[in-house]
Amino acid sequence: MLEVRNLTVNYGAITALHDVSLRVEQGTIVTLIGGNGAGKTTTLRAISGMVKPKSGSILYQGRDITGVPTHKLVGQGIAHSPEGRMVFANLTVRENLQMGAYLQRDKAVIALEEEFVFDTFPRLKEREHQLAGTLSGGEQQMLAIGRALMSQPKCLLLDEPSLGIAPLLVKSIFEKIVELNRTRGLTILLVEQNANLALEISRYGYVLETGRVILADEASRLRADPKVREAYLGG
Amino acid sequence: MLPKSQLWLLLALVAAGVASALSRFLDPYILDVVMGVGIAITLASSLNLINGFTGQFSLGHAGFMAVGAYTSAMLTTTLGPKLGASPVLLQWAVFPASLLLAGLAAALAGLAVGAPSLRLKGDYLAIVTLGFGEIIKVLLQNMDVVGGARGLVGIPDYTNLFWTFGVAAVTVYVVWGLLNSTYGRGFLAVADDEVAAEAMGLNTTRYKITAFVVGSFFAGVAGGLYAHLKGYLNPGGFDFNKSIEIVVMVILGGMGRHVGVIVAAILLGVLNETLRSFGDYRMILYSLLLIILMLTRPQGLFTWPLWKKKAT
């Protein structure tokens, strides 16, 4: 469904990604793990068109989408839930969700999606008319994911859903991610610091280090790999 | 039955018309101040769309106002007499047409400045718009057709209460209506978080340009009203201080608050006159006010929870 070929991204003189290639098959969860500054977020940003790659190409459903602006990709079914949640603090929960369905003109479809999101995250329903800025970190993360779902994506780019969230909520959010993948057949490219949890729910994993893919394998095998265990899974 | 907002607009227009008909009983000085307030409301509300709601810090609003003021004044002074129309027709048909063109000219200027520079953020954009304002001023100072540094004189006094408050009402209505549509929530989203807005599929650049162009349009119309209120235009009147004055209204009222900004425009419009006796010290008082405000109420003076938006 999604393929990245020999992607190189520069920020000024600094090379953030160097010759990165990866594949995400339809209906799977694939995860990118790696330390700070490894290039995980940059990879997602390049796929969703927020940064322009220097070279390489990105294919989505067989089409070349390299350099296509973000707002066009959303319409094609790629949704990006950015790092650090980034909800619209001054809009209510409901308004945030409606922004997610920005390209959807059909009110009935929007209502349906909204219901789906509220079903998935009942907590959001309780806070429907609250300003998003007043939600807890975990609730904001739910909102960010819910908002991304509103555009009815086929492929969800999920950046650090566990960042700064209480461990208990992290678990429940990850359960929801798996549920979305199972019930909706949603393809998910997950970027996560919490490698253990991420590999647990993924089929395939890539390990990034200083802008390069240093390992790529089935998630279960990565979890067993002594090098990965030592570097990312806490021994 | 009209929607509530349109009813309000109609009400405001009728009120402006009635007030205008009765205005001859008013003291001319007071009338002048009141009309100045009406123009200030237009300026502040239109800048609020750019600075407050869309979060793009512009320091060039006086520049767009100048474009409109000169466009409108040139039209009525040069073209007006040639039409041979009656004064009534001039005031009620030619003048509004000139205002419209003034708005369009300013909007065009807004597009020309905005399209390349709105990719910039925060401080950088502020500096670009600041530069634009100064360029306009210097250009006008050196154009002999419009009187250069001596200024443009003999502009007919077509501006009355109806036009000033009619325009103010339309401006508030348009800004309000724009923001309370599904499309318009995008402006707030861009202000809140540009990256997230982009990730949602919003064309953020287009939003910013739209805000800029619409805001400039009304600044241009306000400029036209100003020209026909004062009867005399001087490029120096559209300097940096004028832009700051409008920015202060927006900040004082609370960035992104409809009612607050209107109240602030009224307050500062009146204050402007009462402080006149302090002469050149007026700007010092202004600046002091801004400093005190930022220290004590960074969210703006007129921000009640009732008039929602903005989490604290």
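On the basis of being touching a residue at least 12 places away in the same chain (Cβ under 8 Å), away from chain A (no Cβ under 14 Å) and within 30 Å of residue A:94 (Cα to Cα), does residue B:170 make the cut? In short, yes. Among residues of region B:188-200 being touching a residue at least 24 places away in the same chain (Cβ under 8 Å) and either facing chain A (nearest Cβ under 7 Å) or under 17 Å from residue B:219 (Cβ atoms) (or both), the one that is surrounded by the fewest Cβ atoms within 10 Å (Cβ to Cβ) is B:192.
Have a look at A:173, A:188, A:165 and point out the one that is under 19 Å from residue A:83 (Cβ atoms) and at pLDDT 95 or above. Give the derivation first.
On the way: A:173 fails: at pLDDT 95 or above; A:165 fails: at pLDDT 95 or above.
None of the other options fit; the residue is A:188.
The strands (runs of 3 or more DSSP E) located wholly in region A:138-235 that include 2 or more residues which are surrounded by fewer than 18 Cβ atoms within 10 Å (Cβ to Cβ) occupy A:212-218. Per the listing A:41, A:8, the residue uniquely modelled with pLDDT of 90 or more and under 22 Å from residue A:198 (Cβ atoms) is A:41. Here residue B:181 clears all of (1) within 11 Å of chain A (Cβ to nearest Cβ); (2) closer than 25 Å to residue A:145 by Cα; (3) in a loop (DSSP other than H, G, I, E, B) except the condition numbered (1). Out of the residues in region A:120-137 meeting the condition of being within 13 Å of chain B (Cβ to nearest Cβ) and part of a helix (DSSP H, G or I), tell me which one is farthest from residue A:83 (Cα to Cα). Looking at residues that are within 13 Å of chain B (Cβ to nearest Cβ) and part of a helix (DSSP H, G or I), I get A:134. Find the helices (runs of 4 or more DSSP H) located wholly in region B:6-114 whose residues include 3 or more that are touching a residue at least 24 places away in the same chain (Cβ under 8 Å) and surrounded by 13 or more Cβ atoms within 10 Å (Cβ to Cβ), and list them. Qualifying helices (runs of 4 or more DSSP H): B:28-47, B:61-74.
Residues in region B:234-254 include at least one that is within 14 Å of another protein chain (Cβ to nearest Cβ), closer than 28 Å to residue B:7 by Cα and touching a helix residue (DSSP H, G or I) at 6+ places or on another chain (Cβ under 6 Å).
Of everything listed in (1) touching a helix residue (DSSP H, G or I) at 6+ places or on another chain (Cβ under 8 Å); (2) under 20 Å from residue B:39 (Cα atoms), the single unmet condition for residue B:93 is (1). Among the residues of region B:30-51, not one is more than 17 Å from residue B:271 (Cα to Cα) and more than 13 Å from the chain's Cα centre (by Cα). The set of residues in region A:75-109 being at the interface with chain B (Cβ under 9 Å from one of its Cβ atoms), closer than 10 Å to residue A:150 by Cβ and either surrounded by 17 or more Cβ atoms within 10 Å (Cβ to Cβ) or among the charged types (D, E, K, R) (or both) consists of A:79, A:96, A:98, A:99, A:100, A:101, A:102. When region A:25-39 is filtered for residues that are crowded, with 24+ Cβ neighbours inside 10 Å and within 13 Å of the chain's Cα centre (by Cα), the ones remaining, listed by number, are A:29, A:31, A:32, A:33.
Filtering region A:40-74 to residues that are within 14 Å of the chain's Cα centre (by Cα) and either surrounded by fewer than 18 Cβ atoms within 10 Å (Cβ to Cβ) or more than 14 Å from chain B (Cβ to nearest Cβ) (or both) leaves A:40, A:43. Among the residues of region A:7-26, is there at least one that is within 14 Å of chain B (Cβ to nearest Cβ), touching a His at 6+ places or on another chain (Cβ under 7 Å) and within 19 Å of residue A:216 (Cα to Cα)? Looking for residues that are within 14 Å of chain B (Cβ to nearest Cβ), touching a His at 6+ places or on another chain (Cβ under 7 Å) and within 19 Å of residue A:216 (Cα to Cα), one finds none in region A:7-26, hence no.
Scanning region B:201-215 for residues that are of a type in the set (A, V, I, L, M) and not in a helix (DSSP H, G or I) yields a count of 1.
When you go through B:306, B:290, B:268, B:285 one by one, which is the residue that is away from chain A (no Cβ under 14 Å), in a helix (DSSP H, G or I), modelled with pLDDT under 90 and surrounded by 17 or more Cβ atoms within 10 Å (Cβ to Cβ)? Break it down into steps so the answer makes sense when it comes.
Values: B:306 fails: surrounded by 17 or more Cβ atoms within 10 Å (Cβ to Cβ); B:290 fails: surrounded by 17 or more Cβ atoms within 10 Å (Cβ to Cβ); B:285 fails: surrounded by 17 or more Cβ atoms within 10 Å (Cβ to Cβ).
Only one candidate passes the filter, namely B:268.
The values are calculated or read from the model by the stated rules, or taken from the named source; none is laboratory data. Model, not experiment: these values are computed from the prediction. Note that each Cβ is placed from the backbone with ideal geometry, even for glycine, and that neighbours are counted across all protein chains shown.
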